[in-house]
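The block underneath contains the structure these notes are about, expressed in structure tokens.
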Amino acid sequence: MNRKIICLAVLATVLLSVNVFAADWKIAGDKLVTEFAKQVDPDNPLPEYPRPQLRRGDWLNLNGLWDYAIVGKDNISTDKFDGKILVPFAVESALSGVGKTVGKDNRLIYKRTFTVPKDAYWKKGNRIILHFGAVDWDATVFVNGKKIGQHIGGYSPFCFDITDALKPEGEQELLVSVWDPTDDSYQPRGKQVNNPRGIWYTPVTGIWRTVWLEPVAPTHIEKLKFVPNLKDSTLTITSTFQGIQDGDEIEAKASFSTENSIVRRGLLGRKTVVQSSAVSFMTAKKVKAGEPLVLSITNPKLWTPDEPNLYDLTVSIIRNGKVVDAVDSYFGMREISLGKTEDGITRMLLNGKFVWQHGLLDQGWWPDGLYTAPTDEALAYDLLVTKQLGFNMLRKHVKVEPERFYYHCDRLGVLVWQDMPSGDSKHYIRPDQPDAERSPEAKANYEREWKEIVAALYNYPSIIVWVPFNEGWGQFDTCRILNWTKELDPTRLVNGPSGWSDRGCGDQYVKHAYRGPGMFPPEEKRSTVLGEYGGLGLPVEGHTWLKTDKNWGYGGNLKDKDDLLNTYMNLNFKLHPLIGMGLSAAVYTQTTDCEIEVNGLMTYDRVIKVDVKKFRASNDSLRYPPPERRVILAAAPDGGKEWAFTTDKPADGWEKSGFDDKSWKRGKSGFGTKETPNTTVNTLWNTKDIWVRTTFNMTRDDIKNLDKTIFEMYHDDNAEVYINGIKVIGVDKWVSNYKEFKINDAEKVFKEGENTIAIHTYQDAGGQYIDARLYRIIPAAGPQKKVW
């Protein structure tokens with residue numbers, strides 16, 4: 001079947017409209033592009049079969065050069081065109097050959113012609129289906145002047161039966177009319193904005209995934225749904241059909257081949273030995289169409305990041321002993337759940353075992369294609385680098401990828417947390433605020449689009465977590481939406497929600513901490529995870545989106561590659577003990593730079609910034625027994641500590657150990673206002689100044705291991721810190737989480753026994769908070785063997 005697909009892809013190139021010429025296309029603008037852009041063939045861009053989970057042999061790729069026009073919003077169609085656009089790259093992208101923005105007051109019109117192949121399977125009697133991978137946002141489709149249908153939603157595939165609109169022979173005309181207001185409406189749009197800045201990127205308008213035709217029999221399979229069950233080693237298959245008749249049967253055949261598994265993972269040619277090429281078949285008993293079909297899997301080979309075993313599958317419709325339709329697919333036997341480990345902590349379990357999940361915040365943007373990777377090789381490249389760097393997971397951040405992306409995750413062994421793209425920016429809530437009151441239209445649209453996304457991606461075994469909301473962006477009816485998502489897919493975990501405005505529901509209690517790391521305490525019914533941290537910035541000369549000094553990273557910009565590596569390794573040093581304290585997973589920001597964000601481990605044009613071998617070794621170290629974190633001075637998330645405090649200017653010497661603070665008030669840390677993000681406020685402070693003091697004790701071992709002792713502080717705004725009367729820190733800026741500070745000449749500052757810490761904080765504007773912690777990391781004792 002694969003050979004046939006390749007042949008038909010070549011045929012599709014030959015049969016493209018005579019109006020399409022490669023000479024009409026070149027990369028637009030002079031901004032950064034990847035090396036993959038050189039591989040884009042304007043005659044046949046992205047030629048790979050676009051739907052890996054439901055494959056047929058006959059199809060026609062409609063990617064290529066189309067006519068385009070930007071017209072007023074009220075013009076649903078046009079006869080005048082502005083030039084050529086390379087589909088499926090968004091009109092704003094360089095690879096489209098256009099590089100123009102559209103805006104809420106305009107509409108983007110596409111047009112092309114095609115000829116239906118004369119092969120036997122395209123014959124009269126079969127139906128011709130027109131597929132769109134995704135169009136952002138409101139798309140109306142016409143064939144030969146007849147309106148075929150409309151689809152609203154920028155992230156899910158859709159299709160129309162166009163058979164009745166086709167002419168008997170000759171050229172057929174296809175026209176697509178798109179309106180996309182981006183952030184001028186309530187639509188889910190992720191990080192797209194009409195005015196790109198900071199963490200907000202260029203709009204993506206129109207067709208941005210493959211467009212294709214497919215002939216199908218009048219009776220055919222429309223959808224498949226797989227549910228693996230490890231307890232009884234079965235796979236339950238539910239099918240959706242068109243044209244089914246009484247007496248029709250469904251048959252499924254599954255097989256596993258070691259050789260096919262190795263080929264999928266791209267390991268051939270790397271001195272990999274194929275021990276056996278034997279194929280074991282398992283055929284289910286035929287069932288009546290419409291009934292669930294249960295396959296028994298003998299001694300199932302489980303899917304894991306280290307061993308991403310996949311089974312091949314063929315599902316057929318049988319009528320009177322003959323096959324009237326058949327599709328090829330694949331599946332993985334895996335289970336994701338919550339459960340308690342030996343230490344009594346509720347964690348995320350993969351196939352019944354705790355697997356430490358360490359991944360990247362993956363934005364999925366490209367300097368040349370924006371939402372669309374230049375080639376299929378490029379699409380897989382980020383995943384290969386992710387694995388090479390020692391990660392086993394990614395969080396697909398407020399974007400949904402083409403289905404081939406998840407196929408690559410399946411075959412390479414990359415766990416996926418899938419976000420719902422955020423939207424409705426007018427309804428952004430802070431942690432102290434109630435859920436957003438979005439309009440009925442906005443709510444209905446969100447639910448319709450999210451339901452389509454979950455359904456489209458249901459069968460990909462790599463996806464293990466759904467993320468309906470991120471950091472209060474348009475967050476509404478939180479627990480209802482999280483519970484509803486669980487109803488849509490009870491086989492996966494639901495993130496609840498990612499960062500900031502937690503409501504106590506969902507399967508994960510999620511902290512965001514820049515630079516971090518950090519965690520919330522373990523809970524009985526939810527796992528605790530670190531949904532975002534890191535964000536270490538490093539602009540690389542010659543590889544930035546813009547030549548500007550505005551390039552930035554969440555965790556601040558660093559000096560060079562060595563500084564980036566060393567700072568990251570220090571984050572891992574602090575992250576490791578959190579695993580022992582109950583942390584199930586952590587998501588580092590991020591895979592690549594994105595426009596003026598430079599906090600990627602690769603540049604925007606995919607140049608790796610770090611020494612891969614050393615970086616991976618640091619990540620691999622997290623799979624060994626975790627060290628202990630001995631808290632010397634507890635911050636609020638650790639349970640807090642009582643401090644003396646005053647908001648009136650104290651007498652001289654307030655910072656010294658012998659100062660009499662009996663007249664000061666007493667309060668538990670942290671001090672501040674509850675609307676300040678990422679805080680645990682135990683004592684209200686809402687004046688301009690606050691002075692706080694307390695004591696802590698250090699052992700002889702603490703003093704001997706000051707190099708493993710870490711001081712962190714969350715200050716908003718300015719702060720000065722004294723330890724035993726010595727000023728050790730003075731900062732005139734605010735942070736939004738606990739940040740590590742180096743104590744110079746620590747051996748002269750700290751002492752065995754009782755120590756005094758005193759802090760003065762000044763509030764300038766916005767949020768306000770002060771808290772501090774001191775802890776020592778004690779290496780794990782005993783043999784060092786990988787435990788997860």
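The values are calculated or read from the model by the stated rules, or taken from the named source; none is laboratory data. All values reported here derive from a predicted model rather than from experimental measurement. Virtual Cβ from ideal backbone geometry, glycine too; neighbours counted across all protein chains shown. Protein only, heavy atoms only, side chains kept; ligands, DNA and RNA dropped before computing areas. Shrake-Rupley method; radii C 1.70, N 1.55, O 1.52, S 1.80 Å.
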For this session: Say whether the condition of being open to solvent by less than 50 Å² (accessible area, probe 1.4 Å), of a type in the set (Phe, Trp, Tyr) and not in a loop (DSSP other than H, G, I, E, B) is met by at least one residue in the stretch 553-575.
Result: yes
Exercise. For Tyr155, are the conditions met, namely being touching a Phe, Trp or Tyr at 6+ places or on another chain (Cβ under 7 Å) and touching a residue at least 60 places away in the same chain (Cβ under 8 Å)?
Worked result: no
Problem set entry | Filtered residue count, the stretch 339-385, keeping only those that are among the small types (Gly, Ala, Ser), assigned to a loop (DSSP other than H, G, I, E, B) and farther than 24 Å from Tyr201 by Cβ | 2
Exercise. Quick one: what pairs do we get from the stretch 513-530, first residue under 15 Å from His576 (Cβ atoms), second hydroxyl-bearing (Ser, Thr, Tyr), C-beta under 8 Å, 6+ apart or different chains?
Worked result: Gly516/Tyr533; Gly516/Tyr738; Pro517/Tyr533; Gly518/Tyr533; Gly518/Tyr738; Met519/Thr528
Exercise. What residue, of Asp82, Asp67, is open to solvent by 50 Å² or more (accessible area, probe 1.4 Å) and either within 12 Å of Asp368 (Cα to Cα) or charged (D, E, K, R) (or both)?
Worked result: Asp82
For this session: Go through the stretch 479-490 and give me each residue that's in a loop (DSSP other than H, G, I, E, B) and open to solvent by 30 Å² or more (accessible area, probe 1.4 Å).
Result: Pro490
Problem set entry | Asp652 vs. criteria assigned to a loop (DSSP other than H, G, I, E, B), open to solvent by 20 Å² or more (accessible area, probe 1.4 Å) and at pLDDT 95 or above | yes
Exercise. From the list Leu370, Leu394, which one is surrounded by 22 or more Cβ atoms within 10 Å (Cβ to Cβ) and over 25 Å from Asn309 (Cβ atoms)?
Worked result: Leu370
Problem set entry | Subset tally (residues that are assigned to a helix (DSSP H, G or I), of a type outside the set (A, V, I, L, M, F, W, C) and open to solvent by 10 Å² or more (accessible area, probe 1.4 Å)) for the stretch 447-478 | 4
Exercise. Can you pull out the strands (runs of 3 or more DSSP E) entirely within the stretch 698-783 that have at least 3 residues that are more than 33 Å from the chain's Cα centre (by Cα), of a type outside the set (A, V, I, L, M, F, W, C) and surrounded by fewer than 20 Cβ atoms within 10 Å (Cβ to Cβ)?
Worked result: 753-762
Problem set entry | Some residue of the stretch 17-35 being in contact with a strand residue (DSSP E or B) (Cβ under 6 Å, 6 or more places away or on another chain), of a type in the set (A, V, I, L, M) and either at pLDDT below 95 or crowded, with 20+ Cβ neighbours inside 10 Å (or both) | yes
Exercise. Looking at Asp410, is it under 25 Å from Thr676 (Cα atoms) and touching a residue at least 24 places away in the same chain (Cβ under 8 Å)?
Worked result: no
For this session: Filter the stretch 302-315 down to the residues that are open to solvent by 10 Å² or more (accessible area, probe 1.4 Å) and assigned to a strand (DSSP E or B), then identify the one that is farthest from Arg492 (Cα to Cα).
Result: Thr314
For this session: Test Gly72 against the criterion of being over 14 Å from Ala28 (Cβ atoms), modelled with pLDDT of 95 or more and out of contact with any Ser or Thr (no Cβ under 9 Å at 6 or more places or on another chain), and give yes or no.
Result: yes
For this session: Considering only the stretch 676-697, state which residues are out of contact with any His (no Cβ under 8 Å at 6 or more places or on another chain), surrounded by 15 or more Cβ atoms within 10 Å (Cβ to Cβ) and either over 19 Å from Thr756 (Cα atoms) or free of Cβ contacts under 8 Å to residues at least 40 places away in the same chain (or both).
Result: Thr676, Pro677, Thr679, Thr680, Val681, Asn682, Thr683, Trp685
For this session: Quick one: count up the residues across the stretch 436-446 that are surrounded by fewer than 16 Cβ atoms within 10 Å (Cβ to Cβ) and either in a helix (DSSP H, G or I) or among the β-branched types (Val, Ile, Thr) (or both).
Result: 3
Problem set entry | Residue that is farthest from the chain's Cα centre (by Cα) [pool: residues in the stretch 414-435 that are surrounded by 22 or more Cβ atoms within 10 Å (Cβ to Cβ) and more than 30 Å from Leu384 (Cβ to Cβ)] | Asp424
Seminar exercise, completed: Within the stretch 180-227, restricting to residues that are of a type in the set (Lys, Arg) and crowded, with 21+ Cβ neighbours inside 10 Å, the one that is farthest from the chain's Cα centre (by Cα) is Arg209
Seminar exercise, completed: Just one listed residue, out of Leu313, Leu349, is out of contact with any helix residue (DSSP H, G or I) (no Cβ under 9 Å at 6 or more places or on another chain) and either of a type in the set (Ser, Thr, Tyr) or over 30 Å from His220 (Cβ atoms) (or both), and it is Leu349
For this session: Considering only the stretch 491-510, state which residues are touching a residue at least 40 places away in the same chain (Cβ under 8 Å) and either basic (Lys, Arg) or open to solvent by less than 10 Å² (accessible area, probe 1.4 Å) (or both).
Result: Arg492, Leu493, Asn495, Ser498, Ser501, Arg503, Gln508
For this session: Give the residues of the stretch 520-544 that are closer than 29 Å to Val610 by Cα, surrounded by 23 or more Cβ atoms within 10 Å (Cβ to Cβ) and in contact with an Asp or Glu (Cβ under 7 Å, 6 or more places away or on another chain), sorted by residue number.
Result: none
Problem set entry | Selected residue (only one of Phe331, Phe354 is over 30 Å from Arg189 (Cβ atoms), in contact (Cβ under 8 Å) with a residue 40 or more places away in the chain, surrounded by 22 or more Cβ atoms within 10 Å (Cβ to Cβ) and not aliphatic (A, V, I, L, M)) | Phe331
Exercise. Could you count how many residues in the stretch 328-345 are out of contact with any Phe, Trp or Tyr (no Cβ under 8 Å at 6 or more places or on another chain) and either hydrophobic (A, V, I, L, M, F, W, C) or closer than 22 Å to Tyr588 by Cα (or both)?
Worked result: 3
Exercise. Open to solvent by 40 Å² or more (accessible area, probe 1.4 Å) and within 28 Å of Lys100 (Cβ to Cβ), is that true of Arg404?
Worked result: yes
